Amino acid sequence: MNVRTVLAADGLPRRAFTIADLDRMVEAGIVGPEERLEIVHGELIPMPAKGARHEILKREMIYRLARGLPPEALFIPETGWRLEPTLYLEPDFLIFPAGVRQAAVTGRDALLVIELSDSTLGYDLGRKPALYAGEGVREYWVIDAARRVTHIHRDPAGDGYRAVAAWPAEADLCPQLIPGFSVRLADFPED
């Protein structure tokens, strides 16, 4: 049998899945359409349920993006982003140029990718920066839902970012590729 494998954290090989495999599993009812999964270089990664802090930040960020983005920029929350046959991620927010079809958005096209991190902070700050940088995402934010600190990653360099800084809730967060747009987490309600 000639099946692609991926080496798991325990050092043992696992079957490597593609996005097409996942689509077929959903169609066959093996995986429910509501299940939250990512595929990272063939490895299926189940994502935990979202907590209240995550949902409050999401609600507030949707409001600010919808009201504040210039017409040249579009956003979609919690989209399934098909980057490669074996790389499927679900960022909390994908902001991209209005002139690019959503299904065709590449990492290099993204104006900003935002992860709202409550129970996945280690993953969002550990493994994901290398994934996004490797795809050419020029700016990646990880918002720590518990501390309301934003980790801004800029200047991708292969397997990471050259510039990473943590910004407090009181800071004006201004994406480099979206002039005129900014947010302050201190302005977001707690509930």
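The values are calculated or read from the model by the stated rules, or taken from the named source; none is laboratory data. Values in this document were obtained by computation on a predicted structure and should not be read as measured data. Cβ sites come from the backbone with ideal geometry, for glycine too, and all protein chains shown count toward neighbours. Please note that ligands, DNA and RNA were not included when accessible areas were found on the heavy atoms of the full protein model with its side chains. Shrake-Rupley method; radii C 1.70, N 1.55, O 1.52, S 1.80 Å.
Go through the range 134-184 and give me each residue that's in contact (Cβ under 8 Å) with a residue 40 or more places away in the chain and aromatic (Phe, Trp, Tyr). Within the range 134-184, PHE181 is the sole residue that qualifies. Applying a threshold of 9 Å to beta carbon distances and a minimum spacing of six or more residues, or different chains, the list of pairs starting in the range 31-56 at a residue that is more than 16 Å from ARG15 (Cα to Cα) and modelled with pLDDT of 85 or more and ending at one that is aromatic (Phe, Trp, Tyr) and in a loop (DSSP other than H, G, I, E, B) reads ILE56/PHE188.
Only residues that are assigned to a strand (DSSP E or B) and surrounded by 14 or more Cβ atoms within 10 Å (Cβ to Cβ) were counted in the range 147-191, giving 12. Tell me yes or no: at least one residue of the range 118-130 is at pLDDT 95 or above and within 20 Å of PHE181 (Cα to Cα). No: the range 118-130 contains no residue that is at pLDDT 95 or above and within 20 Å of PHE181 (Cα to Cα). Considering only residues that are of a type in the set (D, E, K, R), in contact (Cβ under 8 Å) with a residue 12 or more places away in the chain and within 13 Å of ILE76 (Cβ to Cβ), look in the range 87-108 and name the one that is most open to solvent (accessible area, probe 1.4 Å). So, considering only residues that are of a type in the set (D, E, K, R), in contact (Cβ under 8 Å) with a residue 12 or more places away in the chain and within 13 Å of ILE76 (Cβ to Cβ), the one most open to solvent (accessible area, probe 1.4 Å) is GLU90.
Does the range 34-54 contain at least one residue that is assigned to a helix (DSSP H, G or I), surrounded by 13 or more Cβ atoms within 10 Å (Cβ to Cβ) and not charged (D, E, K, R)? Checked the range 34-54: at least one residue is assigned to a helix (DSSP H, G or I), surrounded by 13 or more Cβ atoms within 10 Å (Cβ to Cβ) and not charged (D, E, K, R).
Taken over the range 4-33, the criterion of being part of a loop (DSSP other than H, G, I, E, B), of a type in the set (A, V, I, L, M) and open to solvent by 50 Å² or more (accessible area, probe 1.4 Å) is satisfied by ALA9, LEU12, ILE30.
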